[in-house]
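Here is the structure we will look at.
The values are calculated or read from the model by the stated rules, or taken from the named source; none is laboratory data. Owing to the predicted nature of the structure, the values given are computational and were not obtained by experimental measurement. Ideal geometry is used to build each Cβ from the backbone, glycine not excepted, and the neighbour counts take in all protein chains shown. Ligands, DNA and RNA are stripped out before the accessible areas are found, and what is left, the full protein with its side chains, is counted by its heavy atoms. Shrake-Rupley method; radii C 1.70, N 1.55, O 1.52, S 1.80 Å.
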Amino acid sequence: FDLILQEGFDVASDITLGKDAPIVQWLMEQNAPYLGFDVPNDPRVLIPETQFYFGLSLIATPFLAHDRLLGFLLFVNRQTRNAFSYNQMVLLSAISDFIAMAIDNIRYKQEEFDRSRLMQTKRGYLR
């Protein structure tokens, strides 16, 4: 997954998260958001301190379409435990659902456009 980071985040701009990243594995396996109040002591997701997204608190909400992970929102607080609330996770989950629908609609419209162009090309060859 490509990343879009907050300005001032101390991470290289070309970094990506692969499917082997602990938080990505969680999102793919659970198809549910992750809310970590005390990430270093949370056995559900073992994030090494060397990972750029390691912090004391973390929220990750997936963009899911047809049970497929398209992307996710990830918020990290490196300094405070219990920095995020359940209500914030619910709000971010709703936003993620809308993003997933938008991505899915864009893909559908692109497929429709491609089919239309293909049909036009076929008609041109048949004349």
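Miscellaneous remarks
- Pair list, Cβ < 8 Å and 6+ apart or interchain, from region 77-99 residues that are in contact (Cβ under 8 Å) with a residue 24 or more places away in the chain to residues that are among the acidic types (D, E) and outside any helix (DSSP H, G or I): R81/D38; N82/D38
- If you go through region 19-66 and pick out every residue that is under 26 Å from I103 (Cβ atoms), open to solvent by 60 Å² or more (accessible area, probe 1.4 Å) and part of a helix (DSSP H, G or I), you end up with 4.
- L69 open to solvent by less than 50 Å² (accessible area, probe 1.4 Å), modelled with pLDDT under 95 and not in a helix (DSSP H, G or I): yes
- For region 103-127, the candidate set comprises residues that are open to solvent by 90 Å² or more (accessible area, probe 1.4 Å) and among the hydroxyl-bearing types (S, T, Y); within that set, the residue that is modelled with the highest pLDDT is Y108.
- Here D42 meets the list (1) without any contact (Cβ under 8 Å) to a residue 12 or more places away in the chain; (2) more than 19 Å from L92 (Cβ to Cβ) almost entirely, failing just condition (2).
- Scanning region 72-96 for residues that are in contact with a strand residue (DSSP E or B) (Cβ under 8 Å, 6 or more places away or on another chain) and part of a helix (DSSP H, G or I) gives Y86, Q88, M89, L92, S93, I95, S96.
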